[in-house]
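The values are calculated or read from the model by the stated rules, or taken from the named source; none is laboratory data. Remember, it's a predicted structure, so these values are computed and weren't measured experimentally. For neighbour counting, all protein chains shown are included, and Cβ atoms are generated from backbone atoms with ideal geometry for every residue, glycine included. What goes into the accessible areas is simple: the full protein's heavy atoms, side chains included, and nothing from ligands, DNA or RNA. Shrake-Rupley method; radii C 1.70, N 1.55, O 1.52, S 1.80 Å.
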Amino acid sequence: MASIDLNSDVGESFGRWTLGDDAAILRSVSSANVACGFHAGDPGVIRRTCRDAAAANVAVGAHVGYRDLAGFGRRFLDVAPVELADDVVYQLGALQALAAAEGARVRYVKPHGGLYNAIVHHTGQAQAVVDAVRAVDPGLPILGLPGSEVLRLAAAAGLRAVPEAFADRAYNPDGTLVSRSQPGAVLENPADVAEQVLRMATESSVRAVDGSLLKIQAESICVHGDSPGAVAMATAAKAALAGAGVTVSAFV
C-alpha cells in the first residue's frame with residue numbers, strides 16, 4: 001500500500017474542560033473526526049477545530065454520536081431510528097455550518113463510540129445513520145468497522161462505505177474491538193501502536209488478543225485523540241509508515 005489515511009477524534013473539549021492536544025494530533029493525521037456537540041464539543045471548540053484542520057490541510061469529517069454528553073457517547077442508547085436519524089441530520093448540519101464559516105467543508109461521516117459499536121450489528125440504527133447521511137448529502141462516505149451492518153447498508157444505498165481499522169485498540173478473534181471495560185482494550189505503548197499500524201497498512205492484517213492473525217482491509221486507520229500518549233502514538237505511527245515508504249493522505 002503506497003498510502004493510507006490516518007484519522008483521529010478531535011474537537012472533544014467542552015467549555016473550560018480540555019480533552020486531548022488537537023493541534024499536535026493534526027500534525028500527524030490526514031482526517032479529523034470532529035465532534036458535533038452531542039457527545040462532546042461546543043460551537044467554539046468545533047469551529048476552532050475546523051479552522052485548525054483546514055490550516056493543516058486535514059480533511060474534516062462529522063463525528064456524530066448519541067445525545068449523551070454525560071456518558072461521552074460511549075454508552076448504548078435505545079433510540080428509535082427516526083429520532084436517531086434526526087439527531088444525525090442535526091449534527092451534520094451544525095458541523096457543515098461551522099466548517100463553512102472557516103472555509104472548510106465536511107468530507108465524510110464517522111459515527112462515535114457507542115453508536116459506532118451498535119451499528120456493527122444493530123440494523124435499525126445502522127439504517128437510521130445511512131438514511132440521515134443520504135438525506136443530507138449522498139456524496140458523503142461513511143467510515144465503519146469492516147463487515148458491519150452500517151457499511152453493508154451504506155453500500156446498498158449507493159453511499160461510499162469505507163472500512164477502517166484502529167491503531168490503538170485490541171481486536172477479538174472475530175474482528176470486533178475488545179470492549180473498553182476489559183483490560184488491555186486500549187494500546188498505550190507507541191511502539192506497539194506503530195507496529196500494529198504498519199502491519200495493517202503493509203500486510204492488511206492485525207494480531208488478535210488470542211495471538212491469531214486476522215486479515216483486515218482498511219482504507220483508514222484511527223488513532224484516538226483522547227488516549228493517554230495519543231500524540232506520541234500518532235507521531236510514532238506516521239514515522240513507522242514513512243519508514244516503510246507509505247505516505248499518509250486523506251481517503252477523500
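In this structure, is ARG75 among the basic types (Lys, Arg) and assigned to a loop (DSSP other than H, G, I, E, B)?
Criteria met by ARG75.
Show the residue pairs meeting these rules: Cβ distance below 8 Å; 6+ apart or different chains; first residue within the stretch 59-82 and without any contact (Cβ under 8 Å) to a residue 40 or more places away in the chain; second residue of a type in the set (Ser, Thr, Tyr) and part of a loop (DSSP other than H, G, I, E, B).
Between residues of the stretch 59-82 that are without any contact (Cβ under 8 Å) to a residue 40 or more places away in the chain and residues that are of a type in the set (Ser, Thr, Tyr) and part of a loop (DSSP other than H, G, I, E, B), the close pairs are ARG75/TYR66; LEU77/TYR66.
Might you let me know whether the stretch 197-212 holds any residue that is at pLDDT 95 or above, of a type outside the set (A, V, I, L, M) and under 18 Å from the mean Cα position of the chain (by Cα)?
No, that holds for no residue.
Name the residues in the stretch 1-25 that are assigned to a strand (DSSP E or B) and closer than 19 Å to ASP168 by Cβ, would you?
Residues satisfying the conditions are ILE4, ASP5, LEU6, ASN7, SER8, ASP9, VAL10.
Just to check your reading of the model, which residue among ALA62, ALA101, ALA55, ALA80 is within 17 Å of the chain's Cα centre (by Cα) and either at negative phi or modelled with pLDDT of 95 or more (or both)?
Of ALA62, ALA101, ALA55, ALA80, the one residue that is within 17 Å of the chain's Cα centre (by Cα) and either at negative phi or modelled with pLDDT of 95 or more (or both) is ALA62.
Can you pull out the residues in the stretch 216-240 that are open to solvent by 10 Å² or more (accessible area, probe 1.4 Å), at pLDDT 95 or above and within 23 Å of ALA161 (Cβ to Cβ)?
ALA218, GLU219
Pick out the one residue from ASP52, ASP22, ASP5 that is in contact with a strand residue (DSSP E or B) (Cβ under 6 Å, 6 or more places away or on another chain), farther than 18 Å from VAL130 by Cα, open to solvent by 10 Å² or more (accessible area, probe 1.4 Å) and not aliphatic (A, V, I, L, M).
Testing whether each residue is in contact with a strand residue (DSSP E or B) (Cβ under 6 Å, 6 or more places away or on another chain), farther than 18 Å from VAL130 by Cα, open to solvent by 10 Å² or more (accessible area, probe 1.4 Å) and not aliphatic (A, V, I, L, M) leaves just ASP22.
Report, ordered by the first and then the second residue, all pairs with beta carbons closer than 7 Å, sequence separation of six or more or different chains, a first member in the stretch 197-218 that is among the basic types (Lys, Arg), and a second member that is assigned to a loop (DSSP other than H, G, I, E, B).
Every condition considered, the pairs that remain are LYS215/SER204.
Given the structure, is ASP68 over 29 Å from ALA191 (Cβ atoms) and surrounded by fewer than 20 Cβ atoms within 10 Å (Cβ to Cβ)?
no
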